[in-house]
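Visitor: First, the structure itself, so that you have it in front of you.
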Amino acid sequence: MSTRASELSLREQVGVVRTGSVPAEDLATQVRRAIELREPELDAWVCLSSTIAAEARAVDRDPGSAPLAGVSAVKSREVVYDVVA
């Protein structure tokens, strides 16, 4: 695969994990490395799972276990908060 798995769309990430062409653990590792490289500059993440590798291994054992099984990170350009008083 010429494109890094961590740069795939959500749909593509699910597809490569379900077909087994990219293990969920590899995808999770790639995404975490990309986040760690950019995070000091972006300061974008509030929380990163400390159990992502174990969660990814579980997905690798049963790739069709959930509709978004294998998706390692959900990115958003903006987060909008609606505060109700």
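The values are calculated or read from the model by the stated rules, or taken from the named source; none is laboratory data. All values derive from a computational prediction rather than experimental measurement. Because the Cβ atoms are built from the backbone with ideal geometry, glycine has one as well, and the counts that use them run over all protein chains shown.
Visitor: Looking only at region 9-30, which residues are surrounded by 12 or more Cβ atoms within 10 Å (Cβ to Cβ) and either modelled with pLDDT under 85 or in contact with a strand residue (DSSP E or B) (Cβ under 7 Å, 6 or more places away or on another chain) (or both)?
Guide: L10
For (1) closer than 19 Å to P67 by Cα; (2) over 14 Å from the mean Cα position of the chain (by Cα); (3) touching a residue at least 24 places away in the same chain (Cβ under 8 Å); (4) assigned to a helix (DSSP H, G or I), each residue gets a yes or a no:
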| site | (1), (2), (3), (4) |
| --- | --- |
| S6 | yes, no, yes, yes |
| R11 | yes, no, no, yes |
| V14 | yes, no, yes, yes |
| V17 | yes, no, yes, yes |
| S21 | yes, yes, no, no |
| Q30 | no, no, yes, yes |
| L37 | no, yes, no, yes |
| V46 | no, yes, no, no |
| S50 | no, no, no, no |
